[in-house]
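Trainee: Structure incoming, see below.
The values are calculated or read from the model by the stated rules, or taken from the named source; none is laboratory data. All values derive from a computational prediction rather than experimental measurement. All Cβ positions, glycine included, derive from the backbone under ideal geometry; neighbour counts span all protein chains shown. Each accessible area value is taken on the protein alone, full model and side chains, heavy atoms only, with ligands, DNA and RNA left out. Shrake-Rupley method; radii C 1.70, N 1.55, O 1.52, S 1.80 Å.
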Amino acid sequence: MATDASTSIVVKNHIDVFWNEGMLKHDNGNGVFDSGMDPGFLDVLDKHPENSDRVKNIVSILKRAPISPYISWHLPTPALIPHLLSFHTPEYINELVEADKEGGKMLCVNTFLNPGSWDAALLAAGTTLSSMKHILDGNGKIAYALVRPPGHHAQPSQADGYCFLNNAGLAVQLALGSGCKKVAVIDIDVHYGNGTAEGFYRSNKVLTISLHMNHGSWGPSHPQNGTIDELGEGEGYGYNLNIPLPNGTGNNGYIYAFNELVVPSIHKFGPDMVVFVIGQDSSAFDPNGRQCLTMEGYRKIGRIVHGLATRHSDGRLLIVQEGGYHVTYAAYCVHATLEGVLNLPLPLLEDPIGYYPDDETFSVKVVQDIKKYRKDKLLL
C-alpha cells in the first residue's frame, strides 16, 4: 500500500513504479531534431527528442503532483547479458557490447549508442524485468517500468528508432517462462511497435496490438509497415493486430478504435497477463507525432485497459514507458494515463493546454474498414 506522508492517508489502490536515475546517463546529443547533425549555420541546436529532461519531468510529476499518494517507488537493478537472450540474438547483443567498448556508434538513423547508453539500456531492461517479476511474485497488481532508452522498436537482431533493447518483449518472455499461458501487449505509442511485433510474429501465445500513426516503413532498420495486412505468420497468424490511424485522430477516434477493435480482440484472446506499452508522443502537442490525444483521451484509455486487466488477468498489469517528447505535456499525459489505470472516479489534475478540436469522422471510417478486413479473414 502507498502512503501520502503529508496527510498519512493510506491508499489501497496504487501503482508500483520502478525507476533508477542511472537511466538519465544516456545522452543522444544535439542536432537538427533527432538527426545528430550540425549544419553549421544554426546558432541553437535541438536536444535530441529522446533526452533525459522528458523523463525527469515524469519522475517529478509522479512525486509531487496529486497522483503521488497512489505511487510506491522501487529501485531496480540492471539486466545481465543472459537475460537479454530470451528476446535478442547473441550476435546482436555482442554488437552492442562491442560498440560500447569502442566508445559508441550510430546504430541506425537517429539512434546513437554513446558513452553511458549501454549501461542505461541494461538498467531499462532490468527495470522492466524487475517490474514484471514484482507482479509475478504476487507483490503487486500494477507495476510501471519508467524507463529510457525506450525499447519497442528494437527487434531481435537490430536497433531501431531510439531503441536498443526491447524492454516490453523481455518482460513478456519472463511472463511466459513463469507460467503465464497468454500475454496481450497493447501499445499506444504514436509509432508502430514493430520490434515487439517482430519478436512474437510466429507465436500464438502473445497478442500484439499497436495503435499508431500511419507512417509506414522508415528505412532498413524499420522494414515493417505497420499496416493491417501484417498479421503474423505460422502459429502466430492473426495474433498481430495493427491499427494504423490517420493523423489527427484525437480522443474520440482512439476510444472508438479501442471499443471496436482492441476490447473485442482481448476478450476473444483471453490473456492471463496484460502489458500496456505507453508513449505520450500521440498527444496533441508532441513534436514527433500528429495524433492529437489530450489528457482526457489518455485517461479514458487507461480506464479501458484497467477494465481489461481486471476481467482477464486478475488485475495484473505491467506498464512500460516508451516515447513522449514534449518535455512538459508528456508528463501531464503520463499522470492522466495512470489516473485511468487506477480507475479513479474524477480527474486529479487539470489539463493546462489540452483544448483541441476533435473530429473522429475519418478515423471511424478507418476503424470500420480494419474491422471489416479482419472479419473477412475470420481473425481475432
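Trainee: Name the pairs whose Cβ atoms lie under 7 Å apart, with the first residue in segment 58-71 and more than 20 Å from Met23 (Cα to Cα), the second open to solvent by 20 Å² or more (accessible area, probe 1.4 Å) and part of a loop (DSSP other than H, G, I, E, B), and 6 or more positions between them or separate chains?
Mentor: Cβ pairs passing all conditions: Ala65/Leu349; Pro66/Leu348; Pro66/Leu349; Ile67/Leu348; Tyr70/Asn13; Tyr70/His14.
Trainee: Taking only segment 201-231 into account, find how many residues are outside any loop (DSSP other than H, G, I, E, B) and of a type in the set (Lys, Arg).
Mentor: Number satisfying all stated conditions: 0.
Trainee: Residue under question is Val190, and the condition is that it be in a loop (DSSP other than H, G, I, E, B), β-branched (Val, Ile, Thr), under 23 Å from Asn167 (Cα atoms) and touching a His at 6+ places or on another chain (Cβ under 8 Å); does it hold? Walk me through it before giving the result.
Mentor: Numbers: in a loop (DSSP other than H, G, I, E, B): yes; β-branched (Val, Ile, Thr): yes; under 23 Å from Asn167 (Cα atoms): yes; touching a His at 6+ places or on another chain (Cβ under 8 Å): yes.
When the stated conditions are applied, Val190 passes them.
Trainee: Looking only at residues in segment 12-60 that are part of a strand (DSSP E or B) and open to solvent by less than 20 Å² (accessible area, probe 1.4 Å), which one is farthest from His134 (Cα to Cα)?
Mentor: Gly31
Trainee: Among the residues of segment 171-205, write down those that are farther than 20 Å from Tyr92 by Cβ, among the hydrophobic types (A, V, I, L, M, F, W, C) and surrounded by 24 or more Cβ atoms within 10 Å (Cβ to Cβ).
Mentor: The answer is Ala175, Val183, Ala184, Val185, Ile186, Ile188, Val190.
Trainee: Okay, moving on. Being more than 18 Å from Asp229 (Cβ to Cβ) and among the aliphatic types (A, V, I, L, M) is the filter here, so list the residues in segment 175-209 that pass it.
Mentor: Residues satisfying the conditions are Ala175, Leu176, Val183, Ala184, Val185, Ile186, Ile188, Val190, Val206.
So that you can scan it fast, the table gives a plain yes or no per residue for (1) free of Cβ contacts under 8 Å to residues at least 40 places away in the same chain; (2) surrounded by 21 or more Cβ atoms within 10 Å (Cβ to Cβ); (3) under 20 Å from the mean Cα position of the chain (by Cα):
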| position | (1), (2), (3) |
| --- | --- |
| Pro220 | no, no, no |
| Asn225 | yes, no, yes |
| Glu230 | yes, no, yes |
| Gly238 | no, no, no |
| Leu241 | no, yes, yes |
| Leu245 | no, yes, yes |
| Gly253 | no, yes, yes |
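Trainee: Then there's this: Kindly indicate whether any position in segment 275-283 is part of a helix (DSSP H, G or I), closer than 21 Å to Tyr325 by Cβ, of a type in the set (Gly, Ala, Ser) and in contact with a strand residue (DSSP E or B) (Cβ under 7 Å, 6 or more places away or on another chain).
Mentor: Looking for residues that are part of a helix (DSSP H, G or I), closer than 21 Å to Tyr325 by Cβ, of a type in the set (Gly, Ala, Ser) and in contact with a strand residue (DSSP E or B) (Cβ under 7 Å, 6 or more places away or on another chain), one finds at least one in segment 275-283, hence yes.
Trainee: If you don't mind, another one. Mind checking which helices (runs of 4 or more DSSP H) fall wholly inside segment 291-380 and carry at least 2 residues that are open to solvent by 70 Å² or more (accessible area, probe 1.4 Å) and of a type outside the set (S, T, N, Q)?
Mentor: Where helices (runs of 4 or more DSSP H) fall fully within segment 291-380 and carry at least 2 residues being open to solvent by 70 Å² or more (accessible area, probe 1.4 Å) and of a type outside the set (S, T, N, Q), they are 295-312, 361-376.
Trainee: So, one more: Quick one: in segment 61-106, of everything that is of a type in the set (Lys, Arg) and surrounded by fewer than 13 Cβ atoms within 10 Å (Cβ to Cβ), which residue is nearest to Ala121 (Cα to Cα)?
Mentor: Per the criteria, the residue is Lys101.
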